[in-house]
Amino acid sequence: MSAEPRAEQRPQFRPVPKALKYIFGLGLGARAVLMSSHLAGWLQDRLELASPVTSWTRMTEGLSLLDHGISPYEGDMFHETPLVLMLFYCLSKIWGGLIPIFFLLVDLVTGCLVHEVGTNVCRHLLEKQGRHVKSYSTDSLSLLLTGKQLNSVPRLMLGAYLLNPLTIASCAAYSTTGLHNLVIAGALLAAVQGNRLLATLATAVASYQCVYPEIFIIPVAMYIAQREQQVNPKEDYVTSVLHTLLSYALWLSSLLFLSFLCFLSWDFFSATVGFVMLAPDLTPNMGLFWYFFTEMFEHFRIFFLCVFQLNAVFYVIPLAVKLRDHPMFHLHLLVGLTAVFKSYPTFGDAALFLSLLPVWGHCFKYMRNLFLVVCMWLYSIVLAPVLWHLWIYYGSANANFFYAVTLAYATAQIFLLTDLLYAFLRREFHLRHGPAPKEGQGMPILMNLK
Amino acid sequence: MGLLSDPKSRERFSRIAAKYNSPLCVLAYVVGVVWFLALAYKPFNHRTYFSENALLPGLVEGKFRTENVATRISQAMKDIKDVNKDGPMPVAWIVNQFRGLGLDTYTQEYIQTIPVPSARQSEEQGKEMFVQLNGTNVYAILRAPRTASTEAIVLSAPYKHYLNMDHNNHAFGLMIALASHFRKSSYWSKDIIFLLVDYDEIGMEAWLQEYHYTKSPLLKSSPLHGRSGSIQAAINLELHSDQVSHFNVKLEGLNGLLPNLDLVNLVVQLCGRERITVKLHQQRDPFPSEGWPAFQQNLKTMSLMMLHQATGMPNGLHGLFLRYHIEAVTLEGVLEPGRSSTGFYRMGRVLEGVFRSLNNLLERFHQSFFFYLLPASDRYVSIGMYMPPFGLILLVTALKAIALYISIGTPDPDPWDGAENVVIEHIQSRKTGDGQGDNTDSKRGVTKIRTQNYSDGDVWSLVPVVSCCQVAGFIASISPMVMTGLGHLFGTRPYQALITGATGMFFASLFMPKCITRNRLACTVNTLRLWKCAALVLQAIILAATAAANFSLGMLLAVTMVPVCAMVRPGKLRFLQAVLMLLVSPLGLLIIYTGLYLLLTETEYHGVVPSAMHLCTIVYYNILSGVIHGYVLGTWQYTLLALAVFPNWLFFWCIVFKKRDVPVVENKEEKKTS
């Protein structure tokens, strides 16, 4: 009963725009300084920052092939999408100096988008809490979100993206990961705003650009359907989902057709999507693919390729069942999941997921491995370049040393994801059953995740 | 994953980690150190063996008989030097010697710009070195009759510019003798490059850079006109006289790199066959090889190796080859008075054997160990054996960090009497009530909420401290060069300016806690726990990464820093803590380990004051050469110390001097007065 009046006075959410200009200034300054320093050239070839898909070295190769009238997709060098190639081609034709400015702008815009995602998701969370507050336990008032608590969240997200050393380094390395993050952030923003055409377009652009976000369409469709049901309870859930899927398919095919028009050939499809899916380039990177596939007998390759790729996308189904009422959380988890399990991950991918974390800050107190995850993350980021250097340059270490680090890196992210999921579910449980639920005999119950 | 998901076993683990924390830490540290020291004991390490079967050292039959050439040439070179004591290397004469044998002979000139005068060379030469250094390398290639110059082996020797000592003319004599012997044989399947290097490391670096087409801005050199294939291995020769009593085998290379153990085994084995004693760091293998004295001797050898390796400076020209993935060792022939000695004949046979074995190689060295420590020339401790004790020592850091992390946010008064906790919370909530408690406005919302549940450590307070420490480290890393530049303007001597730059920031930053304390950071017990936890985590990462790249440096840092840093706590016994912390500061550690090195190597003792003076001089030169080698050869030890270890140490230093919240103290006094 006491929850009743709380529901009436909705918590107000006003993001504080304080200190934003410092974050922008510091982020841009750090990027510009790093870009103009002599480290930039070294960063460009760092495998942690630039994968075969996103490497700037390959982009320049593609541009020069295009300049000579050769299709960049005929060889095995270039794997970015045609539209991005065309974009950079125009930029380099207008003025070469535009390219660093473009990379700075991309990160800046991504930061803004992440900020907006934060604002919108916070509003969405408060709104949802207001709707459900009646079903919550009367004891769990202390767990409810307050506007004040969320006010600094968008700013934190912006800071976590723009001031993250990983995104700074990745921007200075001219890695197109920045661009990938931009389209994914755009997809997240469009999704949370809930406009079907815009959301499907943004998701289609993201899937066109980075392949894996195609699974985002499931939570997006669920979210849109739920919103429509709230507005108009007579709306059919399944029809809405089908509409979304159809619109998504249309957008995606038109994007692909547009790319076809660039070269009037479908070569690009096998060089971009095919490359990401079949993972033929086994140069070491921060992912899990290369070591397995170099060690493996060739006739098992197809089988394990299926296993690995399914692993990357399969979780969308169990999560869709478990988190059917929380598509936003589902969507954010998927960003993290694809960043770990994709075939050519870089540090930049993980950085986007990290910058989404502050939104779920209210779940942190239920997380149990935060310390471990932070330590593992730091270790792998510091040790990866050291062991790479020992292996490749000095020849004293070997591939296993480096692979151990990439394993630790992946494990840290997986721990983070599962822990976040656990914390979220546990908070939901406590909301319904009070912060200290008792068993039948009056004993405090123990939460267990098996 | 029981520990990660099952709350019961988690709770049990965290209870044990918190309750028995100090005993566990002490145990881990003591076991780690004892285990590590025990590795020098014979039953705990292994006998070396050949992994690479292609070397076939046993099949080589020595045919070297041209020792008289060696004697003649070395005498001739000495005569030239005697006429022109101060002059440059007699390039034309050397070229003639090689050409006389019918080898492809080339020269390479180079100019090295040294940012500051080089300490070590001026010490050797007895005069100031100038900012530019010119030299000429001479090299001759014996083309392999059986293949098309795709692979090569190098025999190198430095030409030393000593005023009153030998300038390695014996090594050159032996080199010519070997060349004249080798060119008669038809079995070579790899080219042999004979290289005489002008000035020690710089000449070698110039030649290697040019050979591998790498460039550095400070070193300009003429291109190489003659080339061979990829270099498989290199032997560097230094002979102090024509009769030697033993070979001192030098392994430690640039940045702590070591050659493949197979190459070391090969040299040791062949020396044994020719009955030439092998020593490591002038330390003889113990005989009998078991028992307490033998253990002491082994431990001494291993410690000397670690101390050398930790400096990251090559102790011979071979060290520069290692950076290019070329396995190399230096053989230093030393004549110890009163010992039986051998002449060029046996030395030549050893080198002939080494080169013929290397000639048999089918692939690059890859079989044996690259990470090892040698307690004796025929015993080794591999990476698998020395990493566990190192891990145990790091476990101390990890356990402390875990215990502190657990204690954050609990009112439990376990570490650092949290009895004040309640008071602090009270004040904190009052303060935030009227909006004064926060250091930065932006965190107000966060802090307010945190104060409600047991005032969790304020994560944001880490940002200013860590960034201040990092900035101090960054300044320390660039200050030697900046100070040299400034000193130039004011006419200070470059050495002094450089030393001021290297140590000035260290002494200046000792006052940093003062500045931080003045800044009113909300510093509850929990925040301080969080600070120390973060500092420990950073320390563990730095030490682990250092040990991966240069094990000895990581180990020496860990052994001393870990126990002290794990013990520090704000408040109590501040003076004692400060003394301990100063001892394990980068400068303190340098002094300690230099002292240890002198203790192990110097035989005579002159009394306290002269020894201390001597120690200071050596430390002074160590800093100088550390900085200068960083610029000239690209060693990263000084940079690592300045950019990682020093900031981390400074963080601990701040924790020692960090006062807890000022109002708490006032409050207590109020209570006492009332």
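The values are calculated or read from the model by the stated rules, or taken from the named source; none is laboratory data. Here the structure is a predicted model, which is why all the values come from computation and not from measurement. Here the Cβ is made from the backbone with ideal geometry for all residues, glycine too, and neighbour counts use every protein chain on show.
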Filter result for the condition that a residue is under 28 Å from A:Phe24 (Cα atoms), within 14 Å of chain B (Cβ to nearest Cβ) and of a type in the set (A, V, I, L, M, F, W, C), over A:Leu198, A:Leu179, A:Leu189, A:Leu163 | A:Leu163
Scan (1) at pLDDT 90 or above; (2) under 21 Å from the mean Cα position of the chain (by Cα) for the single condition A:Ala279 breaks and write down its number.
-> (1)
Can you tell me which residue among A:Ala187, A:Ala225, A:Ala202 is of a type in the set (A, V, I, L, M) and over 27 Å from A:Cys112 (Cβ atoms)?
-> A:Ala225
Report, by residue number, each residue of the stretch B:628-651 that is free of Cβ contacts under 8 Å to residues at least 12 places away in the same chain and of a type in the set (Phe, Trp, Tyr).
-> none
If you take just the helices (runs of 4 or more DSSP H) that sit entirely in the stretch B:538-651, which of them hold at least 1 residues that are within 14 Å of chain A (Cβ to nearest Cβ) and among the small types (Gly, Ala, Ser)?
-> B:551-567
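A quick yes/no check of all residues on (1) in contact with a helix residue (DSSP H, G or I) (Cβ under 9 Å, 6 or more places away or on another chain); (2) loosely packed, with under 15 Cβ neighbours inside 10 Å; (3) more than 14 Å from chain A (Cβ to nearest Cβ); (4) in a helix (DSSP H, G or I):
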residue	(1), (2), (3), (4)
B:Arg10	yes, no, no, yes
B:Ala17	yes, no, no, yes
B:Trp35	yes, no, yes, yes
B:Gly62	yes, no, yes, no
B:Gln75	yes, yes, yes, yes
Residues satisfying the stated conditions in the stretch A:373-403, i.e. within 18 Å of A:Leu49 (Cα to Cα) and of a type outside the set (Phe, Trp, Tyr) | A:Leu378, A:Ser380, A:Ile381, A:Val382, A:Leu383, A:Ala384, A:Pro385, A:Val386, A:Leu387, A:His389, A:Ile392
The condition of being among the aromatic types (Phe, Trp, Tyr) and at pLDDT below 90 holds, among A:Phe353, A:Phe364, A:Phe303, only for A:Phe364
Scanning the stretch A:169-197 residue by residue, those among the small types (Gly, Ala, Ser) and either touching a Ser or Thr at 6+ places or on another chain (Cβ under 8 Å) or in a helix (DSSP H, G or I) (or both) turn out to be A:Ala169, A:Ser170, A:Ala172, A:Ser175, A:Gly178, A:Ala185, A:Gly186, A:Ala187, A:Ala190, A:Ala191
With (1) surrounded by 15 or more Cβ atoms within 10 Å (Cβ to Cβ); (2) under 26 Å from B:Leu24 (Cβ atoms) as the list, and B:Leu573 as the residue in question, which single condition is left unmet?
-> (1)
Only one of B:Gly491, B:Gly473, B:Gly487 that is at pLDDT below 85 and within 30 Å of the chain's Cα centre (by Cα) = B:Gly487
Consider B:Tyr49 carefully, then state whether it is exposed (fewer than 13 other Cβ atoms within 10 Å of the Cβ) and within 28 Å of the chain's Cα centre (by Cα).
-> yes
Give the stretch A:97-118 a look and list any residue that's surrounded by fewer than 20 Cβ atoms within 10 Å (Cβ to Cβ) and either in contact (Cβ under 8 Å) with a residue 24 or more places away in the chain or not in a helix (DSSP H, G or I) (or both), or say none.
-> A:Gly97, A:Ile99, A:Pro100, A:Leu104, A:Val106, A:Leu108, A:Val109, A:Cys112
Give the number of residues within the stretch B:245-256 that are hydrophobic (A, V, I, L, M, F, W, C) and at pLDDT below 90.
-> 1
Selection count, the stretch A:421-450, where residues are within 14 Å of chain B (Cβ to nearest Cβ), touching a Ser or Thr at 6+ places or on another chain (Cβ under 6 Å) and modelled with pLDDT of 60 or more = 1
Odd one out for A:Val211 among (1) surrounded by 18 or more Cβ atoms within 10 Å (Cβ to Cβ); (2) on the phi < 0 side of the Ramachandran plot | (2)
Number of positions in the stretch A:65-96 that are assigned to a loop (DSSP other than H, G, I, E, B), in contact (Cβ under 8 Å) with a residue 12 or more places away in the chain and not polar (S, T, N, Q) | 8
